[in-house]
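The values are calculated or read from the model by the stated rules, or taken from the named source; none is laboratory data. Here the structure is a predicted model, which is why all the values come from computation and not from measurement. Reconstructed Cβ throughout: ideal geometry from the backbone, glycine too, with neighbour counts over all protein chains shown.
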Ligand SMILES: Cc1ncc(C[n+]2csc(CCOP(=O)(O)OP(=O)(O)O)c2C)c(N)n1
Ligand SMILES: Cc1ncc(C[n+]2csc(CCOP(=O)(O)OP(=O)(O)O)c2C)c(N)n1
Ligand SMILES: [Mg+2]
Ligand SMILES: [Mg+2]
């Protein structure tokens, strides 16, 4: 078991996928000699040749549209968008084609494309380098959307994403690229579509994904000091969503906070909160709360710490979960009315 | 009071805005001689000249990027995207510039741009002509997002959107273009940012916007026959959101269903459900439910009726609101634990 | 500057062109036949629309030289990437006409089998399909097949960024792809003069290092000949080729459009004089390859073709609501399974 | 074909060009001075980055002829649309250097006053700013002002769809805009050969009906002279103009980049021989417009400029978290007011 960074795990996943399947091709901006601005494709071109890993002209719509055609010719393209915000020029190709081709053709044309997106912030990047875009993709039917939080998951989920018959938007939390874990590669964790309980706990459930997971873990530790035994669920796959694991977890604790780095409004945490209260309403002692980024453009480096969810905010949310179990008067009234 | 269609109201709003303010310019694809594919700009070029209403080359990113520059030169551009899905090529310009320019420049460069989008479906249109894209915009900080449901609101909100110092994505429900209302123009309804109670009711609250509003109204009528007195809230403005009106309405009834035509996952209804349960939890006798489109690409004309929310689905959701007020055992247990 | 396109459109029927050979008479005859059938099919589709059998129909009347030339310039092993306006091209390519009309009838988004016909779905988001064609062409070449991809696009759509990116990707990867711009003078209501002030749309190839040519798009012989050159160029490893065909959309944009709002009858009349079928017919008659009897026989064949389409289209297909969920993913997600169950419950309740 | 750009880059310092006049010596001297100051500023910024005072810095060393030529080719009433790499151009234009560095220091996204400096924010999403420049140029013309907009863009960014749409909108609206492509050979690690196989990037103008020219981008006299022509053309109602300047990025893409991964020292060395400052200095000395004393004086001025920047940059600005909410909308929405209240409560609790 060697300490492996998420970047190394992703690199290994790409190499292993290329080695195992002749149809896997990796392309995008600067993925060749440079190995990508985050070095995720480091050495891949050297090892497998320009046919398997190559640079394209600088045009994201072009990259994704080209991938559609390559997939139609039988390839499994794995494309890299340089940063979340630089995937936006490809939005039409992603939404109108990548997501819809299978449906359009009644299954005759599958597009097993993986769109890798260095995702979210916390790395002190200037404008446009720290956006979160998961909600745009998760809201688009036909896409699968995955966000690993650990090196093992990064490896395993990327392998699964590449093997998946459907297009997958693969969100790589930038600030976790250099986070390490003791893991022997290759590794297989949970199948794509499954959430995982990262930490057991009886008092409240934190639900998170990607960069929110280490924060949730840290917050759970801090909460323990305050006497709360907090469970952490790592969603891993936003689409498909693992309702079963999530709802069962929340039913156990009766209290829930969803953590998300992106701006809150109409984000994925809203979906999770809405689903959880739909499914667990009568198990809930308090509303499902959310801790997210503010509804503002991602701020400049010097202010990002004020914007990003942190342990204190998660603890504050946990504290607001009505631990005295006193529902408000209105609820009691309604309940009495029924009795 | 003459019967006025929403299309007429929008046309009048554009004319009045152009007449009143020399800086208002309308442009896009086919908005000139043709008057737009929905004829919303019908006769505007004739009446005010090509300087005030003109066709552009066929490129949506171009249209929006050009509008940014025009706004920087002091104009108030009102641009038309021909259909929701055809605004996607402009996504980068909208998200990275239109939404962020004010913030980027600490308020020095405001972009009073209105992006008009014929919105949602129900018109039997072939692929790409019936998408719903409100969630993409509502999730993007820096944009205001408005969706009228009546001719009066269409007029009033479009005038306000054009006068607004911030960029507004103005969503025009396609299937309501020809719906009529007796109204004398010009008319001023509620200011942008305010929801409105379209129908009083004591038993449950339906929350809707745009094409969902007439459906909610119809459903409320049908529900009355089943003995439920159902309130309808028309959200009107997705961003800013009128929490005050919405939460007060739900607290009155204790039961809530959110209606949205778009695919459900991570849609605006999720946000509304999440907010409502956060703010009204102890007033709620049942979880906040959602009625939305399925999580599928918008279907072909012959199947759209199976996809679109309808009165039956809203009634079903209302029926699931636990009218016997029996919370589940777990809730009672938790509550007892606290007593 | 051998990479400059001709300074005016290549023609052939009016006067031979030194650079392009006239296609064989037998080929021109087949082209003529396909154009006549195609036009009749197009008229039938318009009628079906008026009868409410189609949701919408974008006619290509007047563009038959391009529609048919495109289909006949490539082989069955090649790929075609059409738009919503290219139904006649698909019918000429041999696709089932009712399957071709599926999109426009509104039963499903694409009605024919894409992989076996090697014909991409008719594409609506403008210019997006040009990138697919480039990727496919490159992919096929990488697989060692000598496929050519032919992408159809309108004049208006050349303004979209995707067209630019497609030309550039094609050039940089030397992909065996041919772009055929059917410049029919209008993008809905917007005339070419408001779309571009370039010397020609073919001149756009220069800025990418893409060979290009412009052709009289109502001259079927010239269209075929220039496309032959383009396809051969692409197939032999020469890289992409851009062809602009100057033609005219005789009908409104679709049945839902009112062309009277933005163009004169006189302009339409003028183009009527340059009708591609009339011109080819005249040429074939002059060369002794066509006579009244043959013209009548072909007209009858076209009539028969249309009658078949008409009668098959009278049967309303049954739409299965469960199709909504069948092909969103390879396997429905748990969320879709739940939604499908809801739909089933509703239908059982009825 | 007067719309074809020169077949090779216009030069001036090595040998006069028949089509473009050599700028006045006084102007060249001012240009030299600005280039020296600009380079010193650039070096200072790189040092500040190593010291952690800037989050990132994309150097333009080697591109000073373009950076300075751009700034000096337009007037204060004109608008400049720069990218992240164009800090030297902004400094030359007279913007406060510390304000210019705000973005890269990470205090805020744009540090200078855009309307009063008539300088758009340094743009990161590639090619998007070219459309803003076109819209602004058209808008200014519509307001009756004779403004020219100058949009800066890199070689790699010309591949983006927005650049295509910008050229086309500019041409169709005959907007008074000049596009200057600084072709510095690389887009991060990707060399021009993988970006485009066109005869030149200037040739891209042809496909839009945009006048275009290519110039030796390390020849300050030629850059100025060609830009003068372009700006005059735009200002006099001739419409847009595209200039490609062939230059070289001597440093890595940014301080975070490792250029050793993708290019040889020999290539860099070769371009070192064509250093734009050395070449202009030689020319001015040869013409008797510059001597050792003047060179030393200018170097001292540059040193003083850098010293000022250095000392002003030692002061860490205080960042106010409430700024997060100040300029999202003209008035904060109720939602933002709530979020601001939460932030305030947190800060009071500390
Ligand atoms: C991205 C996009 N924007 C807008 C539209 C709406 N639209 C459909 S056809 C059309 C005009 C296309 O004109 P042209 O490319 O000349 O093709 P033609 O219809 O003349 O064959 C427009 C604007 C679209 N389909 N896709
Ligand atoms: C739309 C978009 N895609 C990707 C990037 C990431 N990126 C920043 S600079 C750069 C290279 C740009 O090269 P070029 O246009 O030649 O300009 P240069 O940096 O050489 O000045 C890339 C890919 C971006 N900023 N915007
Ligand atoms: Mg056309
Ligand atoms: Mg460059």
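Restricted to the stretch C:256-350, the set of helices (runs of 4 or more DSSP H) holding at least 2 residues that are away from every other protein chain (no Cβ under 14 Å) and closer than 30 Å to residue A:102 by Cα comprises C:292-314. Being within 23 Å of residue D:184 (Cα to Cα) and either modelled with pLDDT under 95 or more than 16 Å from ligand 4 (Cβ to nearest atom) (or both) holds for only one residue in D:22, D:91, D:98, and it is D:91.
When D:180, D:224 are checked against the criterion of being more than 16 Å from ligand 4 (Cβ to nearest atom), outside any loop (DSSP other than H, G, I, E, B) and in contact with a helix residue (DSSP H, G or I) (Cβ under 6 Å, 6 or more places away or on another chain), D:224 stands alone in meeting it. Of all residues in the stretch D:155-185, those satisfying the criterion of being crowded, with 24+ Cβ neighbours inside 10 Å, more than 9 Å from chain C (Cβ to nearest Cβ) and within 16 Å of the chain's Cα centre (by Cα) are D:155, D:156, D:157, D:177, D:178, D:179, D:180, D:181, D:182, D:183, D:184. Taking the condition closer than 25 Å to residue A:106 by Cα and in a loop (DSSP other than H, G, I, E, B), does residue C:71 pass? Here the answer is no, as residue C:71 does not meet what is asked. I'm told residue D:222 meets every condition in (1) more than 16 Å from ligand 1 (Cβ to nearest atom); (2) within 14 Å of chain C (Cβ to nearest Cβ) except one. Can you identify the failing condition by its number? The failed condition is (2).
Residues in the stretch D:291-314 that are in contact with a helix residue (DSSP H, G or I) (Cβ under 8 Å, 6 or more places away or on another chain) and loosely packed, with under 12 Cβ neighbours inside 10 Å: D:291 only.
With the structure loaded, tell me whether residue D:247 is in contact (Cβ under 8 Å) with a residue 24 or more places away in the chain and at negative phi or whether it fails that test. It is true that residue D:247 is in contact (Cβ under 8 Å) with a residue 24 or more places away in the chain and at negative phi.
On inspection, residue C:200 fails the criterion of being away from ligand 1 (no atom under 11 Å from the Cβ) and not in a loop (DSSP other than H, G, I, E, B). For the residues D:231, D:215, the requirement of being crowded, with 19+ Cβ neighbours inside 10 Å and either in a helix (DSSP H, G or I) or within 16 Å of ligand 3 (Cβ to nearest atom) (or both) singles out D:231. Of all residues in the stretch C:187-197, those satisfying the criterion of being touching a helix residue (DSSP H, G or I) at 6+ places or on another chain (Cβ under 8 Å) and within 15 Å of ligand 1 (Cβ to nearest atom) are C:187, C:188, C:189, C:190, C:194, C:195, C:196. Among the residues making up the stretch B:129-143, those that are on the phi < 0 side of the Ramachandran plot and part of a loop (DSSP other than H, G, I, E, B) are B:129, B:130, B:131, B:132, B:133, B:139, B:140, B:141, B:143. Quickly run through the stretch C:164-173 and pick out the residues that are away from ligand 2 (no atom under 16 Å from the Cβ) and part of a helix (DSSP H, G or I). The answer is C:166, C:167, C:170, C:171. Count, please, the residues in the stretch B:144-165 that happen to be in a loop (DSSP other than H, G, I, E, B) and either free of Cβ contacts under 8 Å to residues at least 40 places away in the same chain or surrounded by 24 or more Cβ atoms within 10 Å (Cβ to Cβ) (or both). Counting residues in the stretch B:144-165 that are in a loop (DSSP other than H, G, I, E, B) and either free of Cβ contacts under 8 Å to residues at least 40 places away in the same chain or surrounded by 24 or more Cβ atoms within 10 Å (Cβ to Cβ) (or both) gives 4. Does residue D:152 fit the bill of being surrounded by 24 or more Cβ atoms within 10 Å (Cβ to Cβ), more than 16 Å from ligand 3 (Cβ to nearest atom) and touching a residue at least 24 places away in the same chain (Cβ under 8 Å)? The answer is yes for residue D:152.
Note on the stretch B:68-95: among residues that are at the interface with chain D (Cβ under 7 Å from one of its Cβ atoms) and touching a helix residue (DSSP H, G or I) at 6+ places or on another chain (Cβ under 6 Å), the one that is surrounded by the fewest Cβ atoms within 10 Å (Cβ to Cβ) is B:73. Entry remark, the stretch D:132-163: residues being part of a helix (DSSP H, G or I) and either away from ligand 1 (no atom under 16 Å from the Cβ) or more than 23 Å from residue B:111 (Cβ to Cβ) (or both) number 16 in total.
Residues of the stretch C:101-123 being facing chain A (nearest Cβ under 8 Å) and surrounded by fewer than 22 Cβ atoms within 10 Å (Cβ to Cβ), which ones? Listed by number, the residues that qualify are C:113, C:114, C:115.
Any chance the stretch B:282-289 includes a residue that's within 11 Å of another protein chain (Cβ to nearest Cβ), more than 30 Å from residue A:105 (Cβ to Cβ) and in contact (Cβ under 8 Å) with a residue 60 or more places away in the chain? There is no residue in the stretch B:282-289 that is within 11 Å of another protein chain (Cβ to nearest Cβ), more than 30 Å from residue A:105 (Cβ to Cβ) and in contact (Cβ under 8 Å) with a residue 60 or more places away in the chain.
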